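Chemist: Below is a structure I'd like to ask you about.
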Amino acid sequence: MKNLKLWSSIVTAGLLLTACGDSSSVNSYEVTVENLTYSQPLSPMVVSYHQQGENLFVAGEAVSVGFEKLAEGGDNSDLLLELNANTNVRASV
Amino acid sequence: MIQNILKSALVLSVTTASLVAGEIDVKVVNLTGGSYFTPLLVSTHSDTKRLYTTGSAASTSLQKMAEGGDIADLATELTEDGANVVSNPASGLLAPGANTTATLTTDTTNPRLSIVAMILPTNDGFVALSGWEVPTTAGTYTVNLNAYDAGTEANDEVINGGGAVGVAGIPADPGGSVATGGTGITANVEGFVHIHRGVLGDNNDTGGLSDLKSTKHGWLNPVARAIITVK
């Protein structure tokens with residue numbers, strides 16, 4: 001199946017450097033996701049870079065409306081809006 | 001001034017720690033309820049060597065293992081590549097719930113670990129760890145292993161003794177299945193290595209589509225656990 005290469009550019013100032021009180025720096029990450037199945041496609045995904053504890057979901061707990069729309073209908077737009085409204089998270093497709 | 005010179009000397013004297021030859025124990029546990037692993041192949045090998053690539057067609061050596069449990073060609077391939085190889089640590093089949101341990105060495109040329117074995121009864125399913133980087137720090141590490149489909153044979157789920165390359169069907173059920181008469185789930189050969197979709201089975205011992213029992217031969221990942229002790 002296809003490999004998807006995803007770029008996310010992340011500004012780390014608000015996330016990691018508050019203790020240092022330093023100017024912002026930018027880190028870039030390349031995330032490669034491989035679909036290992038025989039014939040099960042994956043809908044457009046969300047890749048998220050976030051602080052510890054800001055999980056996309058917690059097993060045993062209800063998910064957000066945006067997450068529900070992704071899981072049930074493959075629509076990632078509302079989840080992306082939710083995540084990017086959270087200053088502790090940076091998310092991308 | 002003298003402090004600066006001493007600091008520089010300290011920096012110059014630091015050398016990169018190299019991976020010296022080490023010994024590891026690799027314990028493999030069969031987590032399934034009703035499936036057996038044929039003779040395991042456990043190997044420490046180079047950074048680049050892999051026994052398969054997901055999404056790509058399996059090699060003939062891998063096919064022989066996945067369809068019939070024959071690890072000889074894979075073992076030869078690895079040995080010729082300079083790998084350390086332990087063949088068949090369990091001296092035969094590894095039953096559901098059972099475990100076996102292989103001891104190997106790692107070194108700078110063989111820093112990665114791979115494990116494969118056919119899952120029986122399946123058409124061409126195999127359990128695998130592929131190119132796992134062995135830690136250099138002493139300790140115990142646990143890795144869950146998934147089942148893969150070699151993609152070289154249709155998952156017809158018919159037990160007919162067929163284990164040779166190019167022969168359809170499942171060689172046997174070591175657990176002593178008495179189901180027969182399955183007409184075959186599918187004739188489709190998938191063509192590439194992928195995560196195994198599992199066993200469908202049925203509960204018809206004299207007919208139906210499958211010779212596997214859905215109540216006995218099914219599993220979900222992980223199918224095995226590897227516990228690696230770095231000494």
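Chemist: Would you grab the residues whose amide H sits under 5 Å from the one on B:G131? Only those 5+ places off in sequence or on another chain, please, with H modelled 1.01 Å from N.
Modeler: B:L113, B:S114, B:I115
Chemist: At 222 nm, what value in deg cm²/dmol follows for chain B if DSSP H runs of at least 4 each add -39500 (n - 2.57) and the sum is divided by all its residues, to the nearest 500?
Modeler: -4000 deg cm²/dmol
Chemist: What does the charge dipole of segment B:105-228 about its Cα centre add up to, to the nearest 20 debye, if the Cβ of each Lys and Arg holds +1 and the Cβ of each Asp and Glu holds -1?
Modeler: With Lys and Arg at +1 and Asp and Glu at -1, about 340 debye.
Chemist: Hey, another quick one. Given an 8 Å cut-off on Cα distances and at least 6 residues of separation, report the relative contact order of segment B:146-195 as a percent.
Modeler: 52 percent
Chemist: Using a 10 Å cut-off around each Cβ, can you sort B:L113, A:L80 from fewest to most neighbouring Cβ atoms?
Modeler: Ranking B:L113, A:L80 by Cβ neighbours within 10 Å, fewest first, gives A:L80, B:L113.
Chemist: Let me ask something additional. Quick check: net charge around B:N99, other residues with Cβ under 14 Å of its Cβ, Lys/Arg +1 and Asp/Glu -1?
Modeler: Once all neighbours under 14 Å are counted, the net charge is +1.
Chemist: Compute the signed sum of charges (Lys and Arg +1, Asp and Glu -1) over the other residues within less than 12 Å, Cβ to Cβ, of B:T152.
Modeler: Once all neighbours under 12 Å are counted, the net charge is -4.
Chemist: In addition: Which log10 I(q)/I(0) values does segment B:80-126 give at q = 0.20, 0.31 Å⁻¹ under the Debye formula, counting every alpha carbon as one identical point scatterer?
Modeler: -0.82, -1.27
Chemist: While we're on this one: Restricting the calculation to Cα positions, tell me the Rg (one decimal) and the Dmax (whole number) of segment B:85-222 in Å.
Modeler: Cα-based Rg and Dmax for segment B:85-222 come out at 17.0, 55 Å.
Chemist: Considering the alpha-carbon set of chain B alone, what are its Rg and its Dmax in angstrom?
Modeler: Just the Cα atoms of chain B yield Rg and Dmax of 21.2, 90 Å.
Chemist: In debye, nearest 20: dipole of chain B around its Cα centre with unit charges on the Cβ of K, R (+) and D, E (-)?
Modeler: Around 880 debye, computed over chain B.
Chemist: Sort B:M65, A:M45 by Cβ crowding within 10 Å, fewest neighbours at the top.
Modeler: If I rank by nearby Cβ atoms, fewest first, I get A:M45, B:M65.
Chemist: Around A:V65, under 10 Å between beta carbons, what's the net of Lys plus Arg minus Asp minus Glu among the other residues?
Modeler: After counting each charged neighbour, the total is -2.
Chemist: Under a Cβ-only charge scheme (Lys and Arg +1, Asp and Glu -1), can you give me the dipole magnitude of the protein assembly as shown about the Cα centre, in debye to the nearest 20?
Modeler: Around 780 debye, computed over the protein assembly as shown.
Chemist: Could you work out the relative contact order of segment B:91-231, using alpha carbon pairs under 8 angstrom and six or more residues apart, expressed as a whole percent?
Modeler: This gives 25 percent for segment B:91-231.
Chemist: In addition: Dividing the alpha-carbon Rg of the protein assembly as shown by 2.2 N^0.38 Å yields what?
Modeler: Computed over Cα atoms of the protein assembly as shown, the ratio equals 1.23.
Chemist: Can you tell me the mean projection area, over all orientations, of the convex hull of segment B:35-131's alpha carbons? Units nm², please.
Modeler: Taking a quarter of the hull surface, the average projection is 5.8 nm².
Values in this text are rule-based calculations from the coordinates and carry no lab data. This is a predicted model, so every value here is computed, not measured. With ideal geometry, Cβ positions are generated from the backbone for all residues, glycine too; neighbour counts draw on all protein chains shown.
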